[in-house]
Each structure stands twice: as C-alpha cells, then as structure tokens.
C-alpha cells in the first residue's frame, strides 16, 4: 500500500482548532486535533467498530460502513456511510462527525484527504500484534477511555499467553483469495498473529503475494480463511491436490485479521477449533 500523505489547503480543518481541542498523533504520525470528548464518531473500519461497541460508545457512534457487521444491533440500526473504499461523503456531511476513525489499508487516500479537510480523522495502521496494542491504547486517550483500554490490553495479553505455543513451529500457508490465489506474507497483522500462535509463516515475501511467487514446497498446514474470500469444500480439495502432504484447515478470518476487542475471541476459538484440527 502507498502511504497516505495528507496535503491540506491553507484553510484546513487542522488550522481551525480551538481551545477545547487537543492534539493527538495517529499511527501515520499525523497530528490530529480532536475535541475533549468526541460525541459524534464515524468508524470506517469493521474491527474498530466492534472495538467502539466494546467501549460502550453506543450513543457516540453515529456512522459505520456496510462491512461493519458486528455488533449485529449496530449493523441493523446505525447509519451506514458506504463501503470502506466507497465512502459516501454526502452522508458523512449529514452526520457532521467530530471524529472519524480510519485505516491506511482499509480506506483510500483520496477519501481520507477529502475528509481531513473538514473533520478530525484519526488513522490507524496495524501491521502487527504490537501495532494493535498501540492502537487500543492511543484510541483510549482519544476517546477518554484510558482505563477501559488498559484493562482490554491486559486481557488480550493474558489470553494470548495461553495459546502462544500451539503451533509448535509448524509452517502455515494462509490463503485469503482464490483465482488469483493470494496468500499472506510478512509485514501484515495476520502474519504477526500466525507467529504469535507459534506457527511459522510459509510465505516469506512481504504483504500479499500470489501463490506462484511462493515456494511450492508443501507447508505443514494450509489455512483457508473465511474472509474476504468464501472458501468452500471444493477449494479445500483443490488445495489438497496442490499440496498433498499438507493438512488443509478452514479458519475464521476475523480471528486472524480483526484487531481491537475482537482479539479476545482468539483464545476460545483457537482452543476449540484450531487445536483439535492440528
């Protein structure tokens, strides 16, 4: 992904802050001026939407994307502002947010540039377990939820300690798409979780290369993620034929790719679904 660089006009939002606003630095190292306690929040990231629900910000969150499927009650009742990469700017203007939370990989540079001219936009950039922890703690400051976020981080760290050796250094090839067959490489959050569970990522290339660019030597396991591509039984057979010596396992994609409060689900899921399959 190309880093998002915000080129603001001379009369930009960030030059119009007042005494009731404070300066925060987001994960793209941008200074963002945010009111003392945001009261109209829009989330452009599904996992962050779930995180905001965990923090009991039901009244404050006024807009989410059509991919923010959790929590279900928010998905059914909150105003949707389009997709993560197809944002409806008119709806956002109607909602008049005092904080928008986005993500470098999920959202487009063009949309973020436009939004930043009018509103405070705090950008996340999560490529590792440590980045996820940092995001939680920094947003805790922004949202005035420092204590809640510190408790969440402690719970996440404790839960991952219980499953950190489950992989026993076995190699994993993690598939996220078919035709073309995209796999997960290094410098990604999923790669970090793979290693956190004690596995070794079979793909050494960076980001999301196609399978043809990866060593065809059979890994110990092939993980077929439930999202963004809906792998099925016929795909399992396809990859079993391609890697006859590997064990093919369906995995819940959110456990490996959603950061924030959803990380708490890893312990139960890994113990009940992945461990029995290994």
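The values are calculated or read from the model by the stated rules, or taken from the named source; none is laboratory data. Because the structure is a prediction, the values reported are computed rather than measured. All Cβ positions, even for glycine, are placed from backbone atoms using ideal geometry, and neighbour counts span all protein chains on display.
Residues are listed down the side, and each one gets a yes or a no for (1) touching a helix residue (DSSP H, G or I) at 6+ places or on another chain (Cβ under 6 Å); (2) surrounded by fewer than 24 Cβ atoms within 10 Å (Cβ to Cβ); (3) farther than 22 Å from residue 89 by Cα:
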site: 29; (1), (2), (3): no, yes, yes
site: 39; (1), (2), (3): no, yes, no
site: 42; (1), (2), (3): no, no, no
site: 49; (1), (2), (3): no, no, no
site: 52; (1), (2), (3): no, no, no
site: 66; (1), (2), (3): no, yes, no
site: 71; (1), (2), (3): yes, yes, yes
message: Restricting to the range 74-89, name every residue that is free of Cβ contacts under 8 Å to residues at least 24 places away in the same chain, over 19 Å from residue 57 (Cβ atoms) and surrounded by fewer than 14 Cβ atoms within 10 Å (Cβ to Cβ).
response: 86
field: Residues of the range 90-106 that turn out to be in contact with a strand residue (DSSP E or B) (Cβ under 7 Å, 6 or more places away or on another chain) and under 25 Å from residue 153 (Cα atoms), as a count
entry: 6
message: For the structure I just gave you, tell me whether residue 203 is more than 18 Å from residue 269 (Cβ to Cβ) and in contact with a helix residue (DSSP H, G or I) (Cβ under 7 Å, 6 or more places away or on another chain).
response: no
task: Restrict the check to the range 164-179 and report whether at least one residue is under 30 Å from residue 37 (Cα atoms) and either assigned by TED's automatic domain parsing to the domain that holds residue 205 or in contact with a helix residue (DSSP H, G or I) (Cβ under 6 Å, 6 or more places away or on another chain) (or both).
output: no
- line: Considering the range 95-109, residues that are free of Cβ contacts under 8 Å to residues at least 60 places away in the same chain and under 20 Å from the mean Cα position of the chain (by Cα), and then whichever is farthest from residue 145 (Cα to Cα), we arrive at 108
task: Name the residue, out of 165, 134, that is surrounded by fewer than 18 Cβ atoms within 10 Å (Cβ to Cβ) and more than 29 Å from residue 222 (Cβ to Cβ).
output: 134
message: Would you confirm, using the coordinates I've provided, whether residue 92 is within 20 Å of the chain's Cα centre (by Cα), under 22 Å from residue 24 (Cβ atoms) and either outside the structural domain of residue 259 (by TED's automatic domain parsing) or surrounded by 14 or more Cβ atoms within 10 Å (Cβ to Cβ) (or both)?
response: no
- prompt: Within the range 127-167, how many residues are touching a residue at least 60 places away in the same chain (Cβ under 8 Å) and in a helix (DSSP H, G or I)?
  reply: 18
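Considering only the range 205-273, give the helices (runs of 4 or more DSSP H) lying wholly within it that have at least 1 residues that are at pLDDT below 95 and out of contact with any strand residue (DSSP E or B) (no Cβ under 8 Å at 6 or more places or on another chain).
Working: elements: 233-242, 253-257, 266-269.
Passing ranges, in order: 233-242.
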